[in-house]
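J.: Have a look at this one.
The values are calculated or read from the model by the stated rules, or taken from the named source; none is laboratory data. Note that the structure is a prediction, hence the values are computed from the model and not measured. Note: ideal-geometry Cβ built from the backbone for every residue, glycine included; neighbour counts use all protein chains shown.
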Amino acid sequence: MKFSSQEDIEAPAQAVFAALCDHEQFQRVMQQRGIAMRRVDDRPEVGPGMAWEIDFKFRGRARKLRCLVTEVQAPERLGLSNESDGLTGDVAISVVTLAPNRSRLLVLVEMKPKNLSARLLLQSMRFAKGSLDRKFKSRLHDWAVQMCRSGQVNSG
């Protein structure tokens with residue numbers, strides 16, 4: 001199952017990419033949503049090998065997710081790999097320069113089942129794909145707005 005969205009931001013690509021890589025700010029935002037994140041690597045800088053364990057609730061059940069940075073090509077691309085009990089997934093985040101002070105953030109998430117229960121979960125999600133797409137787009141927009149409020153970038 002794939003989700004994708006884009007958001008135009010009134011900021012240079014370098015500033016948007018730097019905000020993407022600010023894992024401490026991202027962790028604070030996730031905690032506000034009731035999601036617990038723990039860093040499980042000891043890398044001093046952003047790069048492949050950075051990893052987190054993430055605990056959250058989805059459809060009434062506690063879930064665990066391991067997230068690993070697989071690719072960093074500043075300031076254009078960030079790749080993540082995710083794995084949970086029954087799902088694997090890849091996240092591709094791209095920042096495209098539209099003008100010197102305007103960028104487009106593109107996010108693609110792809111999830112694949114590893115077992116039967118995950119296959120059933122994804123099948124039920126397909127039935128609600130329209131509303132999940134709207135929520136995904138809304139969350140990306142909210143994240144861009146949150147970046148702007150925190151002073152990381154200026155959004156449009």
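J.: Looking only at the stretch 4-32, count every residue that is over 26 Å from Ser131 (Cβ atoms), in contact with a Ser or Thr (Cβ under 8 Å, 6 or more places away or on another chain) and among the acidic types (Asp, Glu) and tell me the total.
T.: 1
J.: Another question, if that's okay. Being part of a loop (DSSP other than H, G, I, E, B) and closer than 21 Å to Thr70 by Cβ: is that true of Val46 here?
T.: yes
J.: So, Met50, is that one touching a residue at least 24 places away in the same chain (Cβ under 8 Å), within 16 Å of the chain's Cα centre (by Cα) and closer than 22 Å to Ser131 by Cα or not?
T.: Answer is no for this residue.
J.: Between a residue in the stretch 131-156 that is at pLDDT 70 or above and in a helix (DSSP H, G or I) and any residue that is of a type in the set (Asp, Glu) and buried (at least 17 other Cβ atoms within 10 Å of the Cβ), which pairs come within a Cβ distance under 6 Å, given they are 6 or more apart or on different chains?
T.: Note: pairs meeting the criteria are Leu140/Glu7; His141/Glu7; Ala144/Glu7.
J.: If you don't mind, another one. Please go through the stretch 8-25 and give me each residue that is within 26 Å of Lys57 (Cβ to Cβ) and crowded, with 17+ Cβ neighbours inside 10 Å, ordered by number.
T.: Leu20, the sole residue that qualifies.
J.: Is it true that some residue in the stretch 45-56 is out of contact with any strand residue (DSSP E or B) (no Cβ under 7 Å at 6 or more places or on another chain), modelled with pLDDT under 95 and among the hydrophobic types (A, V, I, L, M, F, W, C)?
T.: So far as the stretch 45-56 goes, no, none of its residues is out of contact with any strand residue (DSSP E or B) (no Cβ under 7 Å at 6 or more places or on another chain), modelled with pLDDT under 95 and among the hydrophobic types (A, V, I, L, M, F, W, C).
J.: Can you tell me how many residues within the stretch 26-85 are over 27 Å from Ser103 (Cβ atoms), among the aromatic types (Phe, Trp, Tyr) and surrounded by 15 or more Cβ atoms within 10 Å (Cβ to Cβ)?
T.: Qualifying residue count for the region: 1.
J.: Please tell me if Glu71 is of a type in the set (D, E, K, R) and touching a Pro at 6+ places or on another chain (Cβ under 8 Å).
T.: Criteria met by Glu71.
J.: Okay, next question. Is at least one residue of the stretch 26-42 touching a Pro at 6+ places or on another chain (Cβ under 7 Å) and in a helix (DSSP H, G or I)?
T.: no
J.: Could you check the stretch 92-110 and list, in sequence order, the residues that are under 10 Å from the mean Cα position of the chain (by Cα) and crowded, with 18+ Cβ neighbours inside 10 Å?
T.: Matches in the stretch 92-110: Ile93, Val107.
J.: A follow-up question, please. Could you pull out the residue among Gly34, Gly79 that is at positive phi and of a type in the set (Gly, Ala, Ser)?
T.: Checking each option against the conditions leaves just Gly34.
J.: Within the stretch 16-29, is there a residue that is more than 30 Å from Gln123 (Cβ to Cβ), at pLDDT below 90, touching a strand residue (DSSP E or B) at 6+ places or on another chain (Cβ under 9 Å) and among the polar types (S, T, N, Q)?
T.: Yes, the stretch 16-29 contains at least one residue that is more than 30 Å from Gln123 (Cβ to Cβ), at pLDDT below 90, touching a strand residue (DSSP E or B) at 6+ places or on another chain (Cβ under 9 Å) and among the polar types (S, T, N, Q).
J.: Which count do you get for residues in the stretch 49-58 that are part of a strand (DSSP E or B) and among the aliphatic types (A, V, I, L, M)?
T.: 2
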